[in-house]
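Worksheet: one structure, shown below.
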Amino acid sequence: MIILASGSPRRHELLKKLCPNFKIQASDAIEVQNDLEPKILAVENAKLKAQDVYNQNPGAIVIGADTIVVLNGKIFGKPKNTADAEKMLAQLANNRHEVITGLAICADGKIFTDYDVTEVYFGEMTTEEIKKYVATGEPLDKSGSYALQGGATKFIEKIHGDWSNVVGLPVYRLKKLAESANINFDE
């Protein structure tokens, strides 16, 4: 049995492209919030989520993921409120930032980890455009206050790397991690 340790509809849709049969069980793990290097932090949080669900389902194969947005070394998590979302987007406007997703697979008492990094370039955004986007509510539960596949598309000038990573689950990287762990998602 394969379980995705996430309540994210975006991750569900992406995993369907790789794995036809899986269950969903969101993790209750409390994410680490500290001064770790962003790549390490994303992997640690992915491990916490995967291990939490694995402990409740021994014998399952559990996939955990954690996505963070990083601008000039500063981690942008989910906004606290609309003002916080507007502030984040104003900082991302006309800038390049990184989206990092940590991955973890728990299987047979072992844990396998990796991460992916994608560079995202935002174009100019006026204060009015930011307020209008935030008013949709979409940014309020997203790291960095935006969704590549949603209304933020019109602000993204270009990306370098895997677009699915920016959405929340780097499909190719997860496939390679599963292969290195001798896990076949087609079963």
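Key figures for this structure:
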{"item": "Rounded percent of accessible protein surface that carbon and sulfur make up, segment 11-146, 1.4 Å probe", "result": "46 percent"}
{"item": "Listed pairs Lys74/Lys175; Lys80/Lys110; Lys47/Lys132; Lys39/Lys175; Lys23/Lys158; Lys17/Lys132 exceeding 27 Å between Cα atoms", "result": "Lys74/Lys175; Lys80/Lys110; Lys47/Lys132; Lys23/Lys158; Lys17/Lys132"}
{"item": "Reach of Lys131 by Cα under 14 Å, taken over aspartates and glutamates that are not fewer than 8 positions away in the same chain", "result": "Asp84, Glu86"}
{"item": "Linear extension gain, Glu179 paired with Ala26, 0.36 nm per residue minus alpha-carbon span", "result": "52.7 nm"}
{"item": "Highest-fluctuation residue, Glu31, Glu128, Glu138 considered, GNM on the chain with Cα pairs under 10 Å", "result": "Glu128"}
{"item": "Net charge contributed by nearby residues that have their C-beta within less than 10 Å of Pro79 (K/R +1, D/E -1)", "result": "+1"}
{"item": "Approximate spin-label separation Asn34-Ala93, in nm, with each point projected 7 Å along Cα-to-Cβ", "result": "3.6 nm"}
{"item": "In nm, spacing of pseudo-spin labels at Lys158 and Lys131 (7 Å Cα→C-beta vector)", "result": "3.3 nm"}
{"item": "Average Cα contact separation per residue, the chain, under 8 Å, 6 or more apart, as relative contact order %", "result": "23 percent"}
{"item": "Principal-axis tilt of helix 38-56 within the chain, Cα atoms, nearest 10 degrees", "result": "40 degrees"}
{"item": "Nearby lysines by direct alpha-carbon distance to Lys78 (threshold 16 angstrom, same-chain neighbours under 8 apart not counted)", "result": "Lys87, Lys142"}
{"item": "Value of relative contact order over segment 63-131, rounded to a whole percent, pairs C-alpha under 8 Å and six or more apart", "result": "35 percent"}
{"item": "Accessible surface, per residue, of the chain when the full set of protein chains is kept, probe 1.4 Å, Å²", "result": "50 Å²"}
{"item": "Crossing angle, helix 82-92 versus the chain [Cα axis fit, 0-90 degrees, rounded to tens]", "result": "90 degrees"}
{"item": "Fluctuation leader among Pro139, Pro38, Pro20 - the chain, Gaussian network, Cα springs under 10 angstrom", "result": "Pro20"}
{"item": "The chain - Rg (one decimal) and Dmax (whole number), Cα, Å", "result": "16.4, 52"}
{"item": "Local net charge near Val134, Cβ-Cβ under 15 Å (Lys/Arg +1, Asp/Glu -1)", "result": "+1"}
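The values are calculated or read from the model by the stated rules, or taken from the named source; none is laboratory data. Since we're looking at a predicted model, the values are computed, not measured. Note that each Cβ is placed from the backbone with ideal geometry, even for glycine, and that neighbours are counted across all protein chains shown. The area values use the complete protein model at the heavy-atom level, side chains included, leaving out ligands, DNA and RNA. Shrake-Rupley method; radii C 1.70, N 1.55, O 1.52, S 1.80 Å.
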